[in-house]
Amino acid sequence: MSELAYETKNGWKVADDAKKKEIFDFCDDYINYLNVGKTERLACSEAVRRAKEAGFCDIKEIKTLKAGDKVYMVNRDKSVYLAVIGEEDILNGINFVIAHIDSPRMDLKQNPLYEDCDMTLFKTHYYGGIKKYQWTAVPLALAGVIYTADGKKVDVRIGDKPGDPVFCVTDLLPHLADNQMQKKAPKIIEGENLNILIGSMPDNDSEKDAFKTAMLKLLNEKYGICEEDFISAELEAYPAAPACDVGFDRSMVGGYGQDDRVCAYTALRAILEIKSCKKTAVCVLVDKEEIGSMGNTGMRSAFFEFVTATLIEKAKGTYNELMLKTVFRNSECLSSDVNAAVDPTYPEVNEKRNASFLGHGIVITKYTGSRGKAGTSDANAEFVYKVRKLFNDNDIIWQSSELGKVDEGGGGTIAQYVANLDMEVIDCGVALLSMHAPFEIASKHDIYMAYKAYLAFYN
């Protein structure tokens with residue numbers, strides 16, 4: 001018996017060669033997904049592309065829904081709702097798996113471009129919880145959209161394709177960093193110092209702001225934009241390095257944005273492979289979780305209720321608010337978000353009897369929150385039992401975990417907002433090392449178990 005409260009399994013110990021090959025092949029496609037979808041817009045676009053290939057169609061093109069129909073709806077290019085209509089009456093409820101596709105990063109400010117010391121730079125505002133010092137002296141890419149004065153949409157993505165230039169936030173050399181190194185970690189790099197270096201050549205025809213002018217000319221030639229167009233732009237900076245295998249044994253995946261695209265991918269992959277289901281199955285990939293699920297593309301927006309209401313109306317031929325409330329009350333949800341795996345270098349932040357381990361399967365997290373369960377929904381015992389039994393009956397390797405010691409910190413997920421709709425919900429996702437860092441680590445075994453778990457839940 002292990003020191004844990006129950007005997008968990010290291011999945012690799014029970015996987016034969018055929019199963020290992022299946023897991024590795026599955027994760028090859030996952031790595032491709034990570035490399036394609038490095039922002040919420042890109043991840044949403046890739047999800048829709050895959051959905052169309054799997055036979056899903058835009059719900060706006062469908063007047064009525066019947067069992068077996070596969071539909072989706074996109075919300076402002078940043079979140080997507082995908083549904084497979086079940087054999088049962090939709091009023092009996094829906095099986096939801098909900099993940100988020102935004103990740104910590106740096107966003108360009110509305111007036112980002114400036115020059116200093118004969119260099120050109122972008123000002124940024126970091127997005128989500130990051131250790132700011134981790135984002136210096138690493139290659140960065142830029143992606144997003146710009147709308148010009150005449151309404152033209154310009155798609156931008158540069159820095160993560162072969163042959164592309166990259167960008168970076170500079171750092172101070174150790175020889176001159178005595179004062180910097182005396183600061184506490186949150187202050188080693190100030191937020192206002194996360195300035196991205198983008199150029200160092202002047203426009204020789206300009207007497208003033210020659211370096212900024214040269215950059216504006218270059219951007220105008222390449223993208224047809226002027227400086228004012230940054231006001232109506234959304235540009236994100238993220239690590240340029242591709243996701244890849246980690247370890248001599250290639251048993252892990254390393255890369256940016258696995259919180260929470262590891263759960264988004266597995267939830268998406270599972271619903272795309274459903275042939276039929278008793279209850280209606282829904283996968284929702286949302287934005288803005290890292291900053292509290294606010295805004296009209298986050299989980300707290302009305303989009304979730306709007307699309308669910310649309311499903312009801314098209315499936316039943318009628319609609320009223322009581323129907324929506326009935327569906328939510330009869331529904332169940334896996335809030336598929338990541339947890340923190342025990343790091344052998346930093347074991348002191350976890351209570352090992354209630355912690356998750358790399359390679360031990362998908363993680364059930366009954367409650368998240370911090371210091372006294374603040375900001376959590378705390379799934380009830382009945383639903384935890386149901387999920388646990390489902391996984392056991394389908395030979396899914398799983399583990400149970402908290403997010404660190406009681407007074408160590410913690411964090412929240414979208415589960416609380418789903419629970420507020422009167423739905424059964426529990427957090428259930430993949431354990432990571434180095435969460436929120438530019439390079440996060442996940443076990444290939446756990447990624448595959450998440451996919452199997454979500455597929456079983458949909459069905």
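Quick notes on this structure:
- The loop-placed trypsin sites (Lys or Arg not before Pro) in segment 1-84, going by DSSP, that have at most 10 neighbouring Cβ atoms within 10 Å of their Cβ come out as Lys63, Lys66.
- Axial C-alpha extent at least 15 Å, average Kyte-Doolittle at least -0.5 - helices from the chain (DSSP): 210-223, 258-272, 303-316, 381-393, 444-458
- Ranked by how many other beta carbons lie within 10 Å on average, peptides 437-448, 318-329 from highest: 437-448, 318-329
- Percent antiparallel among DSSP beta bridges (both partners in the chain, rounded to 5): 70 percent
- With the convex hull constructed from alpha-carbon coordinates only, segment 9-87 shows a mean projected area of 7.7 nm² over all directions.
- Mean ellipticity per residue at 222 nm, deg cm²/dmol - from DSSP H runs of n ≥ 4 across the chain, formula -39500 (n - 2.57): -8500 deg cm²/dmol
- Each of Thr376, Thr365 was scored by other Cβ atoms within 10 Å of its Cβ. Listed from fewest to most, they are Thr376, Thr365.
- Extended-chain gain in nm, criterion 0.36 nm per residue less alpha-carbon gap, Met181 and Lys13: 56.1 nm
- Under the combined filter of DSSP loop state and at most 16 neighbouring Cβ atoms within 10 Å, segment 187-231 retains these GluC sites (Glu not before Pro): Glu190, Glu207.
- The order of the peptides 381-387, 285-291, 231-237 by mean Cβ neighbours within 10 Å, most packed first, is 285-291, 231-237, 381-387.
- Just so you know, the Rg over Rh for segment 138-259 is 1.05, from Cα atoms, with Rh as the Kirkwood radius.
- Chain lengthening between Tyr223 and Asp58 when straightened (0.36 nm per residue, less Cα-Cα): 56.3 nm
- Relative protection proxy for 141-152, 397-408, from highest mean packing down: 397-408, 141-152 (other beta-carbon atoms within 10 angstrom).
- Equivalent-ellipsoid semi-axes for the chain (Cα gyration tensor, √(5λ), whole Å, largest first): 39, 28, 20.
- Zone of Thr170's modelled label, taken as backbone nitrogen in segment 195-219 under 15 Å from a point 7 Å along Cα→Cβ: 195-202, 211-212
- For the chain: relative contact order, % (alpha-carbon pairs under 8 angstrom, 6 or more apart): 23 percent
- Separation of alpha-carbon centers, segment 376-455 and segment 282-311, rounded to whole Å: 19 Å
- By the count of neighbouring beta-carbon atoms within 10 Å, fewest first, Thr120, Thr297, Thr64 end up ordered Thr64, Thr297, Thr120.
- Listed from fewest to most Cβ neighbours within 10 Å, the set Met106, Met119, Met181 follows the order Met181, Met119, Met106.
- Checked against a 26 Å cut-off, the cross-linked pairs Lys132/Lys222; Lys279/Lys316; Lys131/Lys386 give Cα-Cα distances beyond that limit for Lys132/Lys222; Lys131/Lys386.
Where a number appears in this text, it was derived from the coordinates with a stated rule and is not lab data. Every value quoted in this text rests on a predicted model; they were computed, and no experiment measured them. Using ideal geometry, Cβ is built from the backbone for each residue, glycine included, and neighbour counts are taken over all protein chains shown.
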